[in-house]
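Reading through the C-alpha cells given below for one structure.
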Amino acid sequence: MKIRHIIAGALLIVLPQLAMAQQEDEQRTIFQRPEGKECVDVGFEGGFTIGGGSVDGRATFKGGIEAGVIIGHGVELGLYGSGFVTEREADKQLDNDKYQFDCVSGGVFVKPIIAYRSPVHISFPIKFGVGEVTYSDDAWADYDDHYYRSRSNREDHSVVCEVEPGARVELNVTKNFHISLGVSYKVLLGHDLEYYDTKAPIVSSDALNSLFYGVTFSFGQF
C-alpha cells in the first residue's frame, strides 16, 4: 500500500510539471517575446497624410506618403515624399495674372515614439529632404505670349533643401491601423525665386517656411 501511495503521489507531482514543460518547449519565432508582451520587436508601417496650412499668407493644401521600419517600438526610420500647392493670387509684377507656389520633395525621416503601449500616444517625426519649389500661373490652356516666355508658364523654379520637425498624437484604432493628428513646421533652405524679366526676388528667403497640420492614416505591423 505504501508503494502505491508513493507512486500515486509522485505522479501527481510529475505529470503537471511535464505538461508545463511541454507548453514552454513550443517553438518560438525570432520575433517572439514571452507571453503577455508584444511579439514584434521590428515592425513596419506605410501611410499617407492629408493636411493644410498657410504659405506666404496663402491657403495651402499639403499631402504626402511615408514608409518606415519600427525598431523596438520606440523609433521609426523611413522614407517620405510630400508636396504642397498654394491658392493662386494676382501678381502685380505679372500683369495681375494669378500665380501659385508648388513644392515637391522627398527624403528620410526619424520618428521617436513615446508610450507606444497606450491606445493614445505621441511621436516626434523629423524629416530631412530635397525638392523643388515652383512659382507658376498653372493656366495650361492660356496660350498667350506670357505662356511661351515663361517656359511652360513657370515664372521660376529652384532646388531646395528642407527640414521639417513635427509632433503627432497617434491613436491605435486596431493592431494594424493607426490614425495620427499632427502639426509640423517646414523650413525650405536655399531657394532663390526671381522674376523672369527683372531678376527681382519673388519672395523673401523665409517666406515659404510654414506651419502645417494634418491627419495621417498608417497601416502595418506596429
- Charge context of residue 164, other residues only, Cβ under 14 angstrom, K/R +1, D/E -1: +3
- So, over other residues within a Cβ distance under 12 Å of residue 111, counting Lys, Arg +1 and Asp, Glu -1, the net charge is -3
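Only the coordinates and a few stated rules stand behind these numbers; no lab work does. Nothing here was measured: the structure is a model prediction, and the numbers come from that model. As a convention, Cβ positions derive from the backbone with ideal geometry for all residues, glycine included, and neighbour counts pool all protein chains shown.
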